[in-house]
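Written out below as structure tokens is the structure these notes cover.
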Amino acid sequence: MAQRPREQSGAEAPAGGEGRQLADGRDRDASAGERRRLRTLREYRIMDSGPEAAFDRVTKLVADLFDAPIALVSFVDDCRQWFKSAHGLDLAEIPRDVGFCRHVIADDRPLVVPDATRDPRFRDNPLVTGDACIRFYAGVPLRAYNGAVLGALSIMDRKTRPPLGARELERLEDFAAIIMAEAELRRTAVERDEARYILERALDFSSIAIWQLHVNDDAMHWRGAVAELWGADYEAALASLGGVFERIHPDDRPLVRAALDEAIDNGTPYASEFRVVHPERGVRWLAGRADWDVRRDEAILTGINVDITEQKSRQENANLLMRELHHRMRNLFATVGAIISLTRHSARDVDDYVERISSRLDALNRAQNVLLGANFMTGSMHALMREVEAAFPRVRWSGPDLLLPENALVAMALLFNELATNAAKHGALSAEEGEVEVHWSHDPDESDDRQFRLTWKESGAPGHVSAPERTSFGTLLIERSVRNNLGGTIERRWEPTGLVVEIALPARWREA
């Protein structure tokens, strides 16, 4: 049967015809197969690796068995043929298009060339025409675990030889299988080492130390972030269980010893939390967890340590905050109780009582809003004045921002509320044009007797301004806030333009 012209001569198929589409499909398949082969070759990490006795022994044995001067283990990438082992040939690699092995890869089967000078594929090859003077070649595929051909095991001679028989080819293929078994072991070892390296790096980044206690002799073995958790000298200092206990905080040693003894005596998991005296980082909190690995001749306790210093600190801060909050709530309830009780005696009727109570509770709420916006322990003077201004819009203020402790902030909030409420009922804020200016300052830090000074100045009050005929509870509350709670003095003057209040306190507060 006559062959198609393209198959006979290699002539181009008509453009746009079915032959062109089939060729494209074959090209795509070949390209995909080569990409897969090169990916597999990279998995073995064997290209450009150093000499290894296991491969050299095979090439020497093959050369002796086949009485060939040259035996090669070759791996081929996208541009070169590289020799993992070259018995009888002083070359490390050759270009891919020069090597014979590319045909073994392309055809995916053994290749035997009895006389290269008579083979049109090789007669002009530099290995044939040059100093190497190759005449005979026999090579078999080096096949990976997934079937990809990565290279060839080959023998060469400088004289022509008859083709290898089926039995000889089978033996050469057996040696190729041995080569790939060695390469597979090598690949597995490389992957294992890389996995171990990645795991150790992950442990370093995760701040976890792994340890093993050999109960028979108290020997300790460590991996991971040990230097971070225990100290840079851990290899020498923590080689034994005794060294570990030397680094544990003295107060926590009995607890750790009891937990460890219980685990050893009963064969149960170990768990404890304790402090260590880290030589570079000071006292740190660690958590320890471990369980048993039983081997033929001994039991080994394998565990981890995790740094829980930050968790402990947050827990202690939370406990401190809860105690502080409890203390503040008791103070707040005491203040509310006093206000309710004392307001009852000064109120004219129920409506007046409710109004006064509501006003003073609003003042306490303003103080609590400022504390909630900070840290429960201190509050900003500016934040408090913004709350006052929101309730009494015609109060203007100026002065440095100061951090007031909780008791001072509550006292100042009640003080401003009483002054502003009185001004709204009887003073400047009862008139449309009336206003209040509040200004404060404090002495420099170098002063021996530093003072905080505040002035409350009303202007635009309606009618004649004069002192009240009797002392109200509001006045008593102002006096108590300044003198008892803040340890200061207060002076009031009723000038024609309105009330002026001057307050002086010890300057104990720092600027925000």
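The values are calculated or read from the model by the stated rules, or taken from the named source; none is laboratory data. It should be emphasised that the depicted structure is a prediction, and the values quoted were computed from it without experimental measurement. Reconstructed Cβ throughout: ideal geometry from the backbone, glycine too, with neighbour counts over all protein chains shown.
Among the residues of the range 47-76, the one identified as in contact with a helix residue (DSSP H, G or I) (Cβ under 6 Å, 6 or more places away or on another chain) and at pLDDT below 95 is 54. Scanning the range 221-243 for residues that are surrounded by 15 or more Cβ atoms within 10 Å (Cβ to Cβ), over 28 Å from the mean Cα position of the chain (by Cα) and outside any loop (DSSP other than H, G, I, E, B) turns up 237, 240, 241, 243. Considering 99, 151, 139, the condition of being outside any helix (DSSP H, G or I), crowded, with 20+ Cβ neighbours inside 10 Å and modelled with pLDDT under 95 is satisfied by 99 alone.
Out of 251, 265, 174, 218, which single residue is loosely packed, with under 13 Cβ neighbours inside 10 Å and either touching a Lys or Arg at 6+ places or on another chain (Cβ under 7 Å) or at pLDDT below 95 (or both)?
Exactly one of 251, 265, 174, 218 is loosely packed, with under 13 Cβ neighbours inside 10 Å and either touching a Lys or Arg at 6+ places or on another chain (Cβ under 7 Å) or at pLDDT below 95 (or both), namely 265.
In the range 81-92, the residues that are surrounded by fewer than 17 Cβ atoms within 10 Å (Cβ to Cβ) reach residues that are β-branched (Val, Ile, Thr) with C-beta atoms within less than 7 angstrom, at least six apart or across chains, in these pairs: 88/70. Would you mind stating whether residue 120 is under 48 Å from the mean Cα position of the chain (by Cα) and either closer than 22 Å to residue 40 by Cα or in the same structural domain as residue 180 (by TED's automatic domain parsing) (or both)? Judged against the criteria, residue 120 is not a match. All conditions in (1) part of a helix (DSSP H, G or I); (2) without any contact (Cβ under 8 Å) to a residue 60 or more places away in the chain hold for residue 414, with the sole exception of (2). In the range 477-493, the residues that are under 14 Å from residue 404 (Cβ atoms) and without any contact (Cβ under 8 Å) to a residue 60 or more places away in the chain reach residues that are part of a helix (DSSP H, G or I) and of a type outside the set (D, E, K, R) with C-beta atoms within less than 8 angstrom, at least six apart or across chains, in these pairs: 488/482.
Evaluate the following for residue 389: is it modelled with pLDDT under 80 and acidic (Asp, Glu)? Criteria not met by residue 389. Cβ-Cβ distances below 6 Å connect the following pairs, each with a first residue in the range 120-132 that is without any contact (Cβ under 8 Å) to a residue 40 or more places away in the chain, a second residue that is of a type in the set (Phe, Trp, Tyr), and a separation of six or more residues or different chains: 128/122.
Among the residues of this structure, residue 314 does not count as one that is among the basic types (Lys, Arg), at pLDDT below 95, under 24 Å from residue 200 (Cβ atoms) and surrounded by fewer than 14 Cβ atoms within 10 Å (Cβ to Cβ).
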